[in-house]
Structure formats: structure tokens, C-alpha cells
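Undergrad: My questions all concern the structure below.
All of the numbers you see were taken from the coordinates with simple rules; none came from a lab. On a predicted model such as this, the values are computed, not experimentally measured, just so you know. So basically every Cβ, Gly included, is an ideal-geometry build from the backbone, and we count neighbours across all protein chains shown.
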Amino acid sequence: MVRRDRAAGRAPGAGRRASTGPARVSGAGGGGDLAVHRARLREVIAPVVEAAGYDLEELTVSRAGRRHVLRITVDGDHGVSLDVVADLSREISAALDGAEETGGEFSEREYVLEVSSPGVDRPLTQPRHWRRNVGRLVSVTALDRPLTGRLSAADDAGITLDVSGKHHELSYADLGPGRVQIEFGRVADLADDDLAEFPDDAEDPDDAEDSEEEDEE
């Protein structure tokens, strides 16, 4: 298969992402049912992500013209660096190639693979999501009451939310999806390595791919 690997930097508030494409995914039958398609892909991809020490948070497949776009979101207790995203993208591509050779096609369409980490707009729905955001300002509806405060603790049972100096201990059963609030005053706390990921003249990878496709035509 011919692949073009490219990595995208991270804009403030967005996750880290790497893309691979286009290529052909193997599988029986034409487009097939996307739910079945996703299930087969998850069987191949989840072990790769977990073996690397990360969680497969989301896997989606959508049609885009003559292709499928396979979007994978991964996360870990210590975050996900751009290098990790790029490594996982290559490992997942290799695993899909191996599955094609032994198990038949996933789809007759070409696909574009996008691997990313969650952005700050990702809803907090699992205990691990809350645990990984301790110390951040979050908003959540708890027992039909909206709350915004500092997440001071999170474990398998629930969270502790500091709202104006008052601590609220809440179980997950009482919580709706939480949202991390962006605190612009904390931009100065970003590490130099994080800031280096945003060159002023960085090219939009999607624009680059569109340009390549026009050249090929």
C-alpha cells in the first residue's frame, strides 16, 4: 500500500493528531454496515493502543467521497505526546495491513486514518477522564444543579469539587458529563515544548492533502 504520513500540530484547546492516508482497507463486501465495520476495526486497533499503555477513547468511521475517514482518539494518564500519536498511527496502520492479509477486506473504499488525543472540549464521562483532569476548573450538572469549580480529587467512587472554597463530594451516579473550562490566565504555565508545537507558519495538513489531490488529478 502507498501511504503518505503527515503529523499536525496542536492548536490551543485541541488534541494532538497524526494522519495517514490514503490507503485501502481490506474487507468483504462493498461499503457494508458501518457498525459492523467499526466493530471489526476495534478488534484490530484496541489491542495495539492498549499494548502501548493507552486507552482507546473513541473510534469512528465516516464516508468522505470515495474514501472512509477512520478517526481514533487515544488518551493516557500522563497525556499523549505528538510523538506517541505518530508512533500509534504507524503501528495501527501496520496492524490493519496485517489484518487485511489474514482476514480479508474491511471495505472496498480507500481510507484516511486520523489518530488524535482528546481536546479540552471532550466531555468527562468516565472515572479516568475525571482523574486525569484533577486540578483543572470544570463545570458539571450534579443532582440537576449546575456547578463550576476546581476538581480537587477523583477516584473510582466519585469526585471532590471545590466551589468557592466549599468542597462538594459527588458520586459519578449524581453527575452529568463534565467539561473542562479553559483558563486563559494559565497560558504562561505551558512548557516550552508545548509552545514549540505551534509554529506561526505551520501548514494546515488538510489544505496540504487537498493540494496534493488536485496535483494528482
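Undergrad: Using 18 Å as the cut-off for backbone N distance, which residues of region 55-96 belong to the label zone defined by a point 7 Å from the Cα of R42 along Cα→Cβ?
TA: 55-63, 69-75, 96
Undergrad: Grab the Cα-Cα distance for A153 and V120, subtract it from 0.36 nm times how many residues apart they are, and report the gain in nm with one decimal.
TA: Details: separation 33, 0.36 × 33 = 11.88 nm, distance 1.83 nm.
Answer, rounded to one decimal: 10.0 nm.
Undergrad: Using 1/(1 + (r/R0)^6) with R0 = 45 angstrom and r between the beta carbons of R131 and R66, what's the FRET efficiency to the nearest 0.05?
TA: Working: r = 42 Å, r/R0 = 0.92.
Given R0 = 45 Å and the Cβ-Cβ separation, E is 0.60.
Undergrad: Given a Förster distance of 25 Å, report the FRET efficiency between D144 and F184 from their Cβ-Cβ distance, rounded to the nearest 0.05. The partial results should precede the final answer.
TA: Working: r = 30 Å, r/R0 = 1.19.
Using R0 = 25 Å, I get an efficiency of 0.25.
Undergrad: Oh, and also: Calculate the spin-label point distance for D97 paired with A51, positioning each point 7 Å from the Cα along the beta-carbon direction, and give it in nanometres.
TA: It works out to 1.5 nm between the two label points.
Undergrad: Contact order normalised by length for region 70-126, with contacts defined as Cα pairs under 8 Å and 6 or more residues apart; what percent is it? Numbers along the way, then the final one.
TA: Values: 35 pairs, mean separation 36.4, N = 57.
The normalised contact order for region 70-126 reaches 64 percent.
Undergrad: Shape verdict for region 35-191, please, from the Cα gyration tensor: rounded (a/c under 1.5), prolate (a/b greater than b/c) or oblate.
TA: Numbers: a/c = 2.53, a/b = 2.16, b/c = 1.17.
Note, shape of region 35-191 comes out prolate.
Undergrad: In whole angstrom, how far apart do the alpha carbon centroids of region 70-137 and region 163-181 sit?
TA: Between the Cα centre of region 70-137 and that of region 163-181, the gap is 27 Å.
Undergrad: Further question: What is region 106-171 by shape, rounded, prolate or oblate, if you read a ≥ b ≥ c off the alpha carbon gyration tensor as root eigenvalues and call it rounded for a/c under 1.5, prolate for a/b larger than b/c, and oblate otherwise?
TA: Numbers: a/c = 2.90, a/b = 2.86, b/c = 1.01.
Prolate shape, in that a/c is at least 1.5 and a/b is the bigger ratio.
Undergrad: If each of A35 and H78 carries a label point 7 Å out from its Cα toward its Cβ, how far apart are those two points in nm?
TA: Label-label distance for A35 and H78, simple model: 4.0 nm.
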